[in-house]
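What follows is a short report on a single structure.
The values are calculated or read from the model by the stated rules, or taken from the named source; none is laboratory data. Being a predicted model, the structure only gives us computed values, none of them experimental. Here Cβ is always computed from backbone atoms with ideal geometry, including for glycine, and neighbour counts include all displayed protein chains.
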Amino acid sequence: KLVVFDMDSTLIKQEVIDMIAAKAGIEEKVAGITELAMRGEIDFNESLRQRASLLKGITGDVFEDLKKELILTPGGPELVQRLKQYGVKTAVLSGGFIPLAKYVQEQLGLDYAFANSLAVVGGKLSGEVEGEIVNANRKAELLQEIAAKEGIELKDTVAIGDGANDLVMMSVAGFGIAFNAKPIVQQKAPSRLNGDSLLDVLYMLGFT
């Protein structure tokens, strides 16, 4: 079995891009781009590039500061611990940024972490995204790649997330759970979980 998680508003309570924007005093600009993306007026890749360009010049150690502020979603650590006891592989697939995804991976003991990489030049963010962008389709591809590597059939995979960019991986997985998701995502997802604790996922998967 394999369970993959989105990061922002799923494994952690916050949206990381908003936290960085708050530090840089550019919340309104970033919120505007996020809004366009949510309405489907620009695609995820374009919104990520635009938001990354606004972060140009911020010192690269901004992520170190943010690590201290991350709030893990209640029930998440316990859920991952229990899944590991059952021999389930776990991953975080995030449209956010790799330093924080790696940190969440370490905190929770996840097997895999994939996210976007922001280029750092001379100790400052250059405003560019490096490498392949982790968008909706890439999340689905990564789920398939991890499953293949671990010898797990797709029917034995579960995808959990809250955003529109999690729907593709949910459709590829054997089972998908929209966790405290936006209404459109709740409508389209295979199943919904609304509540305070991620631990309830155990019951939905038939573990007790």
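Some values worked out for this structure:
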item: Residue pairs meeting the criteria (Cβ under 6 Å; at least 6 apart or on separate chains; first within 12 Å of Ala52 (Cα to Cα), in the range 24-38; second modelled with pLDDT of 90 or more and among the basic types (Lys, Arg)); result: Val30/Arg51; Ile33/Arg51
item: Exclusive hit being of a type outside the set (D, E, K, R) and either closer than 13 Å to Thr10 by Cα or under 13 Å from the mean Cα position of the chain (by Cα) (or both), set Phe179, Phe175; result: Phe179
item: Test for Ser197: is it within 21 Å of Gln14 (Cα to Cα) and among the hydroxyl-bearing types (Ser, Thr, Tyr); result: yes
item: Of the criteria (1) exposed (fewer than 14 other Cβ atoms within 10 Å of the Cβ); (2) modelled with pLDDT of 90 or more; (3) more than 26 Å from Ile184 (Cα to Cα), which one Glu28 fails; result: (3)
item: Residues of the range 33-53 classified as assigned to a helix (DSSP H, G or I), of a type in the set (Gly, Ala, Ser) and either modelled with pLDDT under 90 or touching a helix residue (DSSP H, G or I) at 6+ places or on another chain (Cβ under 7 Å) (or both), total; result: 2
item: Selection within the range 148-166 - touching a Gly at 6+ places or on another chain (Cβ under 6 Å), surrounded by 21 or more Cβ atoms within 10 Å (Cβ to Cβ) and either under 14 Å from Val201 (Cβ atoms) or modelled with pLDDT of 95 or more (or both); result: Thr157, Ala159
item: Cross-chain or 6+ apart pairs with Cβ under 8 Å, the range 60-72 first and in contact (Cβ under 8 Å) with a residue 60 or more places away in the chain, then among the charged types (D, E, K, R) and assigned to a loop (DSSP other than H, G, I, E, B); result: Leu72/Lys13
item: Residues being out of contact with any Phe, Trp or Tyr (no Cβ under 9 Å at 6 or more places or on another chain) and either modelled with pLDDT of 95 or more or of a type outside the set (Gly, Ala, Ser) (or both) - total across the range 54-78; result: 17
item: Subset tally (residues that are assigned to a loop (DSSP other than H, G, I, E, B) and in contact with a strand residue (DSSP E or B) (Cβ under 8 Å, 6 or more places away or on another chain)) for the range 195-208; result: 2
item: Considering residues of the range 87-128 that are within 20 Å of Gln14 (Cβ to Cβ) and β-branched (Val, Ile, Thr) only, the residue surrounded by the fewest Cβ atoms within 10 Å (Cβ to Cβ); result: Ile98
item: Complete set of residues in the range 127-176 that are under 29 Å from Gly60 (Cα atoms), among the charged types (D, E, K, R) and part of a loop (DSSP other than H, G, I, E, B); result: Glu132, Asp162
